[in-house]
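The structure appears right after this line, and notes come after that.
The values are calculated or read from the model by the stated rules, or taken from the named source; none is laboratory data. Every value quoted in this text rests on a predicted model; they were computed, and no experiment measured them. Neighbour counts run over all protein chains shown; Cβ positions are idealised from the backbone, glycine included. With ligands, DNA and RNA removed, areas are computed over all heavy atoms of the protein, side chains included. Shrake-Rupley method; radii C 1.70, N 1.55, O 1.52, S 1.80 Å.
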Amino acid sequence: MYLMKDITRDGAPVLRQTAAKVEFPLSAADKQLAHDMMEYLVISQDEEENKQYHLRPGVGLAAPQVGVGEAMAAVLVPGADNEILFKAVLINPVIISHSVQDAALSEGEGCLSVDKDVPGYVVRHDRITIRYQTLEGETKKIRLKNYPAIVCQHEIDHLNGILFYDHINEKEPFQIDANAVLID
Ligand code: UDB
Ligand code: ZN
């Protein structure tokens, strides 16, 4: 089980590298990695357990964030009243198309690997279609919008060595195109 001390922090070279494609069949180590990343998200979203283990409640975690330079990420997006909006381990995910419409979280973003607050809008695509492989090696193509789409773009960025604050306009952090939608 991962603890905060296991999460690589900004400054670690692996966070700035392009992750390597994962080959199938998965190795035992890759299966364990997938399990452990999703386990972090589940435990970190449990109010009792996150207190006990001092975990920041996470909605997504990419392999480079646990020191592994491979194209794998876990996503667990909660909705209203114990609903799960999206739960998946994404292997070799790519955005294959996206809306013209942009979107940003109204509160800006943070990152489990970034200990400081960097205020500002992170402008992303409002809707994306991603292709990825499952743990079983099945190729999936899915369409996501709003919050789940933002989370997946944040995680896919990690696989390309990009951190959320790279997208923030330094001079005008809360400047945003009038056409972009803000997500609460
Ligand atoms: C997060 N958590 O996990 F709506 F249970 C952020 C942190 C950086 C604040 C921990 C978050 O948004 N929590 C959250 C929100 C909910 C319900 C809930 C928990 N990430 C993931 C990350 O760093 N992945 O690499 C940052 C998010 C900012 C935008 C998308 C991902
Ligand atoms: Zn992050």
Subject >> Given (1) open to solvent by less than 70 Å² (accessible area, probe 1.4 Å); (2) within 13 Å of ligand 1 (Cβ to nearest atom); (3) within 19 Å of residue 21 (Cβ to Cβ), number of the condition residue 130 does not satisfy >> reply: (2)
Subject >> Any chance residue 67 is more than 11 Å from the chain's Cα centre (by Cα) and more than 9 Å from ligand 1 (Cβ to nearest atom) >> reply: yes
**OP:** Report yes if residue 60 is under 25 Å from residue 132 (Cα atoms), within 13 Å of ligand 2 (Cβ to nearest atom) and open to solvent by less than 60 Å² (accessible area, probe 1.4 Å), otherwise no.
**Re:** yes
Subject >> Close pairs from the range 9-38: first modelled with pLDDT under 95 and exposed (fewer than 13 other Cβ atoms within 10 Å of the Cβ), partner part of a loop (DSSP other than H, G, I, E, B) and of a type outside the set (Phe, Trp, Tyr), Cβ under 6 Å, at least 6 apart >> reply: none
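Quick check on my filter: what residues within the range 63-75 are within 13 Å of residue 34 (Cβ to Cβ), assigned to a loop (DSSP other than H, G, I, E, B) and open to solvent by 30 Å² or more (accessible area, probe 1.4 Å)? Before the answer, list the steps.
Restricting attention to the range 63-75, the residues satisfying the condition of being within 13 Å of residue 34 (Cβ to Cβ) are 63, 66, 68, 70-75.
Right, trim to assigned to a loop (DSSP other than H, G, I, E, B) and you get 68, 71.
Across the range 63-75, the qualifying residue is only 68.
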Original post:
Out of (1) within 13 Å of ligand 1 (Cβ to nearest atom); (2) under 25 Å from residue 14 (Cβ atoms), the odd one out for residue 83 is which?
Top reply: (2)
Original post:
Of the numbered conditions (1) open to solvent by 20 Å² or more (accessible area, probe 1.4 Å); (2) under 19 Å from residue 61 (Cβ atoms); (3) within 12 Å of ligand 1 (Cβ to nearest atom), residue 106 satisfies every one except a single condition; which is it?
Top reply: (2)
Original post:
In this structure, is residue 87 of a type in the set (Lys, Arg) and surrounded by 14 or more Cβ atoms within 10 Å (Cβ to Cβ)?
Top reply: yes
Original post:
Which is within 23 Å of residue 182 (Cβ to Cβ), of a type in the set (A, V, I, L, M) and touching a Pro at 6+ places or on another chain (Cβ under 8 Å), of 77, 122?
Top reply: 77
